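J.: One structure, pasted below without further comment.
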Amino acid sequence: KVIDETGAGDCYRAAFAVALLEGHSLEKCMQFANAAGSCSVEVNGAVPSTPLRSDVEARLLDDTLLNIPRGGYKDDDFPFLIGSRLNSMKDRPELWSEELKTPLDFVKRQATIKGLTCVDFNYPQHFHDWTNEEAKQALDEAGLVAGAVCLRYPAKFARGAMNHPDPELRKEAIELTKQAAEAAMALGCDEVVIWSAFDGYDYPFQVDYDEMWQQLVDAFQEVCDAFPDIKFSLEYKPTDENTRFFTVPSTAAAILLVDEIDRANMGLTLDVGHMLMSGENPGQSIAQVGRRKKLFGVQLNDGFTRLAAEDGLMFGSVHPSKALEIMYQLRRTGFAGHFYFDTFPQRTDPVKEAEYNIRQVKKFWAAAGAIDGKTLRRAVEEHDAIEAL
C-alpha cells in the first residue's frame, strides 16, 4: 500500500547502482531497484523508508510485484492512468442513488467507472469541504490515485489572475498556485495544470501585451523555482465567454512561453477541443510540443467547433482520423503523462460516457500501434493524401 512516495526514486537509483556494481544484467538491476522503490513507498519519510537488503530480497520473492495494475484493471496492459472530469459526475443525478453534493460524492461515483484509475481535482473548487489528507484517504478507499491538481481561479480574479492589474491580486494568484502544488504533494501526484479563465482581454488597446507576457513569465518562474519537484503544466485556450482573447491563445504561443520561462518543470497540457478551436490539427500540435519533451498532459474530447464553441464531446466521435493521429503522435513522441477526458455529458449518463471514452482511447491507441510504418513513411515522403488515408 502506498503511504509516502518521498525517497522512492532515491531508493530505486541506489538499489540499481548496487546491483550494477555486483555485475547483474540491466534487467536484474531494474527488478532489484523496482523492489526497493516499492518497499520505500510503504513507509513515511525519506530516511525511515529506506529498506534493508533483506526487505528488497523478500519483495523480489513476492510475485505480486509483477502484477501491479497500471492504467487499467489487471487484465489490461494499457500503459497510462486514465481520469475523467470530476464535475461531470453531477450530471444525470437521477441515475445515481446517493447524494451528489460534495467532491467525496463525485469520487464515489467515479469509482464505479470501469477502467478509470485516477482523479484530477480542481483547486480550490474541490477543497472547500475537506482537507488534502481527507481527499487522499477518499482516493485510497476508492482504489484510485490523484492524476493532477487543476487550477480554477475563483471569480475574484475575473479581471485576471497572474495578469490582474492589481499587483496584490497577482501575488495572491501566484500564492494560490503554490497552494495547489502543496495539495498535489499531499495527494501523492506531481503535476499542477494551470488554466486561467481570466488571463487575457476583450478589446484592442485594452492591455499592454508585452507587460502581460512578462507577468506570466515571472509568475511561472517563481512557482517552478518554489516547487522544483512539481510539474507545472499550462493548458492554453484561444477564447471563451470569460475572455475573448487569451494571453496564450495557441500551441505556438504556449511553446514560446515555455521556452522563455526556461524551467525543466514547466510544460504544457494540450486539450483537443482547444486545439480545434484554435484552427489547429491536434496531431501536429502534439508533435511540436512532444519533440521538445514538454508535453506533460493531454485532455481528450471532440467537437464540431461551430462558432468557436467548445463542445466537449466524446473522444473520436467527430474526428476519428484526428483521434487516430493524436494517438500515433503520442506514441511517436514518447508521451509519459496520463489521459484525462474533458467532456460535458449533460444529456448522457456520465459513467457510461466515461467508460465509452476509455474504450475509445484504448482502441485508437492499439490502432495507432498497428500502423504500418513503411507504408506511412512512403505516404509522408510523397505528401500522398490518398495513401495516408
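The values are calculated or read from the model by the stated rules, or taken from the named source; none is laboratory data. On a predicted model such as this, the values are computed, not experimentally measured, just so you know. Here Cβ is always computed from backbone atoms with ideal geometry, including for glycine, and neighbour counts include all displayed protein chains. In case anyone asks, the SASA skips ligands and DNA or RNA and just uses the protein heavy atoms, side chains included. Shrake-Rupley method; radii C 1.70, N 1.55, O 1.52, S 1.80 Å.
J.: For the range 327-389, with all protein chains present and a 1.4 Å probe, just round the carbon and sulfur fraction of the accessible area to a whole percent.
T.: Working: 1890 of 3700 Å².
Ligands and nucleic acids excluded, carbon and sulfur reach 51 percent.
J.: Follow-up. Between D262 and R377, what FRET efficiency comes out of the Förster formula 1/(1 + (r/R0)^6) with R0 = 25 Å and r the beta carbon distance, rounded to 0.05? Walk me through the numbers before you get to the answer.
T.: Working: r = 34 Å, r/R0 = 1.37.
Efficiency computed from Cβ-Cβ geometry: 0.15.
J.: Also, I was wondering about something else. For the chain, with every protein chain kept in place, what is the accessible area per residue (1.4 Å probe, Å²)? Each step should come with its number before you reach the end.
T.: On the way: 19690 Å² over 389 residues.
Normalised by residue count, the accessible surface of the chain is 51 Å².
J.: Which links in K1/K231; K108/K156; K114/K352 stretch past 21 Å when you go from one Cα to the other?
T.: Values: K1/K231 24 Å; K108/K156 30 Å; K114/K352 9 Å.
Over 21 Å Cα-Cα: K1/K231; K108/K156.
J.: Suppose the chain between A155 and D229 were pulled fully straight at 0.36 nm per residue; how much longer would it get relative to their current alpha carbon spacing?
T.: Values: separation 74, 0.36 × 74 = 26.64 nm, distance 2.91 nm.
Taking 0.36 nm per residue and subtracting the Cα distance, the gain is 23.7 nm.
J.: Another question, if that's okay. So, R0 is 30 Å and r is the distance between the beta-carbons of Q346 and E134; what FRET efficiency does that work out to, to 0.05? Before the final figure, lay out each step's value.
T.: Details: r = 29 Å, r/R0 = 0.96.
Rounded to the nearest 0.05, the efficiency is 0.55.
J.: Along the range 184-198, what does the Karplus equation 6.51 cos²θ - 1.76 cosθ + 1.60 (θ = phi - 60°) give for ³J(HN,Hα), rounded to whole Hz, x for Gly and Pro?
T.: Values per residue, Gly and Pro as x: 4, 4, 5, 7, x, 10, 10, 9, 10, 9, 10, 10, 9, 6, 10 Hz.
J.: With θ set to phi - 60°, apply the Karplus curve 6.51 cos²θ - 1.76 cosθ + 1.60 along the range 254-263 and write out the HN-Hα couplings as whole Hz, x wherever there is a Gly or Pro.
T.: My calculation for the range 254-263 gives 5, 4, 4, 5, 4, 4, 6, 4, 6, 10 Hz in order.
J.: Going by amide H atoms built from the backbone, whose H comes under 5 Å of the H on I194, apart from near neighbours?
T.: Amide H to amide H, under 5 Å and 5 or more residues apart or across chains, I194 pairs with L151, S233, L234, E235.
J.: Starting at the first residue of the range 163-172, write each ³J(HN,Hα) from the Karplus equation 6.51 cos²θ - 1.76 cosθ + 1.60 with θ = phi - 60°, in whole Hz, x for Gly and Pro.
T.: For the range 163-172, the Karplus curve yields 10, 5, x, 8, x, 5, 6, 4, 4, 5 Hz.
J.: Show me the ranking of peptides 241-249, 119-127 by mean Cβ neighbours inside 10 Å, starting with the highest. Walk me through the numbers before you get to the answer.
T.: On the way: 241-249: 17.9, 119-127: 21.1.
So the order, starting with the most tightly packed, is 119-127, 241-249.
J.: To the nearest 500 deg cm²/dmol, what mean residue ellipticity at 222 nm is calculated for the chain from DSSP H runs of n ≥ 4 alone, each contributing -39,500 (n - 2.57), summed and divided by the residues? Working shown, then result.
T.: On the way: 14 runs with 168 residues, N = 389.
Calculated at 222 nm, the ellipticity per residue is -13500 deg cm²/dmol.
J.: Next question, about the same structure. Looking only at the chain, where both bridge partners belong to it, what percent of the DSSP beta bridges are antiparallel (to the nearest 5)? Don't jump to the answer; show the numbers that get you there.
T.: Working: 3 of 30 bridges.
Expressed as a percentage, antiparallel bridges in the chain total about 10.
J.: For the range 127-156, list residues with backbone N below 13 Å from a point placed 7 Å from the Cα of A111 toward its Cβ?
T.: Residues passing the 13 Å test: 135-145.
J.: Here is a follow-up. Does the range 169-259 come out rounded, prolate or oblate by the C-alpha gyration tensor, with a ≥ b ≥ c the root eigenvalues, rounded set by a/c under 1.5 and, if not, prolate when a/b is larger than b/c and oblate if not?
T.: It comes out prolate by the Cα gyration axes.
J.: Please work out how much length the chain gains when fully extended from A17 to V217, using 0.36 nm per residue of separation minus the C-alpha to C-alpha distance, in nm with one decimal.
T.: On the way: separation 200, 0.36 × 200 = 72.00 nm, distance 3.84 nm.
Gain on stretching A17 to V217: 68.2 nm.
J.: Could you please report the charge total around K156, scoring K, R as +1 and D, E as -1 over all other residues with beta-carbon less than 11 angstrom from its beta-carbon? Please list the in-between numbers first.
T.: Details: positive: R159; negative: D166, E172.
For residues surrounding K156, the net value is -1.
J.: Contour minus end-to-end for E241 and D208, with contour as 0.36 nm per residue of separation and end-to-end as the Cα-Cα distance?
T.: 9.8 nm
J.: If you don't mind, another one. Between the range 196-226 and the range 1-60, what is the C-alpha centre distance in whole Å?
T.: 43 Å
J.: Given H placed 1.01 Å from N in the peptide plane, which residues other than close sequence neighbours of F341 have an amide H under 5 Å from its amide H?
T.: Answer set, sorted by chain and number: G83, S84, R85, L300.
J.: How much of the accessible area of the range 117-195, in percent, comes from carbon and sulfur atoms when a 1.4 Å probe is used?
T.: Details: 1550 of 3230 Å².
Taking all protein chains in place, the range 117-195 shows 48 percent carbon and sulfur surface.
J.: Here is a follow-up. Sort the following peptides by mean Cβ neighbour count (other Cβ atoms within 10 Å, averaged over residues), highest first: 18-30, 214-226. Don't skip to the answer; put the middle values down first.
T.: Working: 18-30: 13.2, 214-226: 17.4.
Ranked from most to least packed, the peptides come out as 214-226, 18-30.
J.: Right, something else. Shape call for the chain from the C-alpha gyration tensor, a ≥ b ≥ c root eigenvalues: rounded (a/c under 1.5), prolate (a/b greater than b/c) or oblate?
T.: Numbers: a/c = 1.42, a/b = 1.24, b/c = 1.14.
Verdict is rounded for the chain.
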